[in-house]
1. Determine, for E189, E179, E147, the number of other Cβ atoms within 10 Å of each Cβ, and report the residues in order from fewest to most.
2. Under the Karplus relation 6.51 cos²θ - 1.76 cosθ + 1.60, θ = phi - 60°, what is the ordered set of whole-Hz ³J(HN,Hα) values for segment 86-97, x standing for Gly and Pro?
3. Through the Karplus equation 6.51 cos²θ - 1.76 cosθ + 1.60, θ set to phi - 60°, convert the phi angles of segment 49-57 into ³J(HN,Hα) values in whole Hz; use x for Gly and Pro.
4. Exposure proxy check: T115, T107, T82 ranked by fewest other beta carbons within 10 Å?
5. At 20 °C and a viscosity of 1.002 mPa s, what translational diffusion coefficient does Stokes-Einstein give for segment 3-193, taking Rh as the Kirkwood radius over Cα pairs? Give it in µm²/s as a whole number.
Amino acid sequence: MSLLRPTVLLASLLAATAACAEPATLHWPVPMPSGPAWRIVDLREGKGVRHEEYLPRGQGLEDYRDRILVQRFAAQDMGPDTYLAYIAAGLARHCTGFTTSGLVSATRDGLSSATRTAYCGNFENRPYGYVIAQKAIRDGDHLFVVEREWRLPAFAIDDTGMASLSFGMPAEDEALKREIHVATRWLLEQVQPGRIAPAPVQNTAAPAPSPKTPPRPAKRR
């Protein structure tokens with residue numbers, strides 16, 4: 001049985017409610033983090049929603065360990081902090097053991113943002129959990145969301161809310177913790193909206209084509 005990726009499902013439900021009334025979303029570049037060579041595996045845009053997914057080369061859609069998700073959609077009066085809280089509450093309902101850490105709210109160039117890391121010890125009845133570093137930015141009427149996700153063997157979260165990312169391989173465990181730290185710094189320092197020139201005005205002699213409905217989010221097995 002297949003299953004929607006958890007945060008993709010939650011975000012897509014929020015975005016879909018007002019997508020039909022929105023114009024094409026703004027575009028801004030997202031610098032890929034250092035490390036593996038990233039390849040785009042999903043790109044769709046229409047009716048006010050843009051959705052991108054990236055995997056490192058050598059990892060497949062069904063067996064990936066790392067993933068980057070980029071979404072842009074109508075904000076619906078939600079600020080970055082509110083949106084991350086909404087996603088966390090929805091994700092927690094699917095997790096045995098859930099906690100968050102490192103909430104940072106900021107304003108840069110007049111745009112508000114929030115960054116946080118979520119830890120899902122065990123996702124539903126699957127033998128794995130997730131660590132998801134997230135950043136949401138409010139730009140005008142849109143929210144821009146960037147996530148770096150790791151799918152890992154199921155792990156424990158203790159009574160103090162600390163995630164135990166120890167899988168019996170000390171060197172690999174420390175490397176994972178460094179990756180998460182570096183990814184958080186990447187979101188905080190490098191992932192910022194980039195202003196670009198607006199698209200040229202279309203020829204009014206012919207009607208502009210209607211945007212296509214975005215495909216349903218890719219599923220997780």
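Every read-out reported here was derived from the displayed coordinates using simple, explicitly stated rules and does not represent laboratory data. Predicted model only: the values in this text are computed from it and were never measured. All Cβ positions, glycine included, derive from the backbone under ideal geometry; neighbour counts span all protein chains shown.
1. Fewest to most other Cβ atoms nearby, the residues stand as E189, E179, E147.
2. Couplings: 4, 5, 4, 5, x, 5, 4, 5, 9, 10, 8, x Hz.
3. My calculation for segment 49-57 gives 10, 10, 9, 10, 10, 10, 10, x, 4 Hz in order.
4. T107, T82, T115
5. D, rounded to a whole number, is 126 µm²/s.
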